[in-house]
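Peer 1: Take a look at this one; I'll ask things after.
The values are calculated or read from the model by the stated rules, or taken from the named source; none is laboratory data. Predicted model only: the values in this text are computed from it and were never measured. Glycine gets a Cβ as well: all are built from the backbone with ideal geometry, and neighbour counts include every protein chain shown. These area figures cover heavy atoms from the full protein model, side chains too; ligands, DNA and RNA do not enter into them. Shrake-Rupley method; radii C 1.70, N 1.55, O 1.52, S 1.80 Å.
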Amino acid sequence: MPLTASGAERAGIYVCGITPYDATHLGHAATYIAFDLLIRAWLDAGIDVTYASNVTDVDDPLLERATATGQDWRALAASQIALFAEDMTALGVIPPQVYLGAVETVPQVSAVVHDLVIRGLAYRVPLPPGAGGDRPDLGDVYADLGSDRDFGLVSHLTAGTMTDLFAARGGDPDRPGKRHPLDPLLWRRERPGEPAWDGGELGTGRPGWHIECAVIARAGLGAAFDVQGGGHDLLFPHHEMSTAHSRVIDDADGIGHGPGARHHVHAGLVGYHGAKMSKSLGNLVLVSNLRMQGADPAAIRLAVLAHHYRQDWEWHDADLDDAEDRLDRWRMAVSGYGGADPADVLDELRRALADDLDAPRALRAVDAWAERTLSAAAEGAAQVEGAAGVVSRAVNALLGLRL
Ligand code: 5CA
Ligand code: ZN
């Protein structure tokens, strides 16, 4: 990684943001908390971090939900974006420095897509009758993946699995006129009843999903950056496609084509009642509901941190009670001035996070310190002065938990 002027290393991370129609369930929360841990570990190591993210504030599922509930899609998105920000603040997630929406980046995306068409890396597919406003002759635009020999290196999946996942996750492998079933949509022309923006020579329309993240990541972090993150459901097609797009976007500054993310990191999926927690299934536990019911946001975060980010796990309602008990013990242990020697716990916290963000191991280190401190206090044994402050500041800085 390049060095900053101060001698510290620099890191750039892009974490895919929400599609704002049913925020924020515990699966979302767990994914953003996972990357928050990474950012905290980097900051603790003196690394100068730039964190960029997006909000998919126009896309099919958002428009479908707005239609189904009779809401204006903009009002739905605005309300869910605000709720998400509130939830993230309550959970102690450090906000991104670069935070851009699909709608506000339409000019950049349409310019990039137009450039790809001119360079022969994207092509048009004829529209169904009634689409395209006053320019029905200008088709939807798709990326031509055929020319990309690195396609597939993010996910390492077989062709059959790719096709299945593409169809299940918003793709259209069977659309007539495409050169390859997996070619992804870059620009969707205007459809009756759907919002559309001026796309210059592309014609009116709106951006495809994967190009949105490629363009926003580049705007925030440049052509190459360290980590692109999200839940495991984004591995394919989203991160495979957005990385493919990053490779071919022409760099207007002349720096050359960029590879996008050097590393892709995916959080395990959180389930509830036996299935992946998802908006489409409706088996959601919303952070805002838990907060409204009086849950301490630090306990919600602690309940999430009890699981390693890479594993899939299932939320049980009792998890919150366990986390509240744990938080109580920790708070009791830091309520004094002294405590057990804090040096070990600080080292162990750092080691645990450096070991692929092993949060459960970090929590066990704090548990052990709290037990030592509470039993020493009960026995009236000597304590290290100021230990409680050291541990509570370390837990706050590294784990994002305010004690
Ligand atoms: N807007 C796109 C990304 S550009 C999107 O996937 N939005 S989302 O609202 O559907 O998801 C936001 C993030 O939460 C993604 O990283 C997604 O992988 C993650 N996520 C969704 N459901 C779960 C779940 N059950 N467990 C863990 N993470 C989840
Ligand atoms: Zn994304």
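Peer 1: Could you give P(r) for region 1-121, binned at 10 Å from zero, as whole percent values over all Cα-Cα pairs?
Peer 2: So the P(r) values, bin by bin, are 12, 34, 29, 20, 5, 0.
Peer 1: Can you work out the accessible area per residue across the chain, with the rest of the protein chains kept in place, probe 1.4 Å, in square angstrom?
Peer 2: I get 43 Å² per residue for the chain.
Peer 1: Okay, moving on. What order, most packed first, do the peptides 263-273, 16-26, 190-200 have when packing is the mean number of other Cβ atoms within 10 Å of each residue? Provide the component values of the computation, followed by the final result.
Peer 2: Working: 263-273: 18.6, 16-26: 23.5, 190-200: 15.6.
Put in order of decreasing packing, that is 16-26, 263-273, 190-200.
Peer 1: Does anyone have the angle between helix 159-168 and the longest principal axis of the chain? Alpha-carbon axes, 0 to 90°, nearest 10?
Peer 2: Relative to the chain, helix 159-168 is tipped by roughly 90 degrees.
Peer 1: Now for a different question. Jot down the radius of gyration and Dmax of region 290-403, Cα atoms only, both in angstrom.
Peer 2: My reading of the Cα-based Rg and Dmax gives 14.2, 43 Å.
Peer 1: Can you send over the carbon and sulfur percentage of the accessible area for the chain, probe radius 1.4 Å, protein chains only?
Peer 2: On the way: 9150 of 17410 Å².
Carbon with sulfur: 53 percent of the solvent-accessible area.
Peer 1: Under 5 Å between amide hydrogens, which residues at least 5 positions from Trp187 or on another chain qualify, with H placed 1.01 Å from N in the peptide plane?
Peer 2: Residues meeting the amide H criterion: Val141, Gly208.
Peer 1: Per the Kirkwood treatment, what hydrodynamic radius in Å, one decimal, follows for the chain from the mean inverse distance over all distinct Cα pairs? Mind showing how you got there, number by number?
Peer 2: Working: mean 1/r = 0.0438 Å⁻¹.
22.8 Å is the Kirkwood radius here.
Peer 1: Now for a different question. In sequence order, what are the phi-derived ³J(HN,Hα) couplings for region 98-108 according to the Karplus relation 6.51 cos²θ - 1.76 cosθ + 1.60 with θ = phi - 60°, rounded to whole Hz, with x for glycine and proline?
Peer 2: Residue by residue, region 98-108 yields 10, 9, 10, x, 4, 5, 6, 9, 3, x, 5 Hz.
Peer 1: Note the angle between two axes, namely the Cα long axis of helix 60-69 and the longest principal axis of the Cα atoms of the chain, as a number of degrees from 0 to 90, rounded to the nearest 10.
Peer 2: Tilt relative to the chain: about 80 degrees.
Peer 1: Based on the alpha-carbon gyration tensor of region 207-337 and its eigenvalue square roots a ≥ b ≥ c, which shape applies: rounded if a/c is under 1.5, prolate if not and a/b is larger than b/c, or oblate? Could you put the intermediate results ahead of the total?
Peer 2: On the way: a/c = 3.06, a/b = 1.98, b/c = 1.54.
It comes out prolate by the Cα gyration axes.
Peer 1: Non-local amide H neighbours of Asp358 (under 5 Å, H modeled in plane, Pro and chain starts lacking H): which ones?
Peer 2: Leu353
Peer 1: Quick query: amide H of Ala11 versus all other amide H atoms, modeled in the peptide plane; which residues come in under 5 Å with a sequence gap of 5 or more or a different chain?
Peer 2: Correct list: Asp48, Val49, Thr50.
Peer 1: How many percent of all Cα-Cα pairs in region 116-156 sit more than 13 Å apart?
Peer 2: 61
Peer 1: Something else now. In degrees, nearest 10, range 0 to 90: what is the angle between the Cα axis of helix 387-399 and the longest Cα principal axis of the chain?
Peer 2: Approximately 10 degrees, to the nearest ten.
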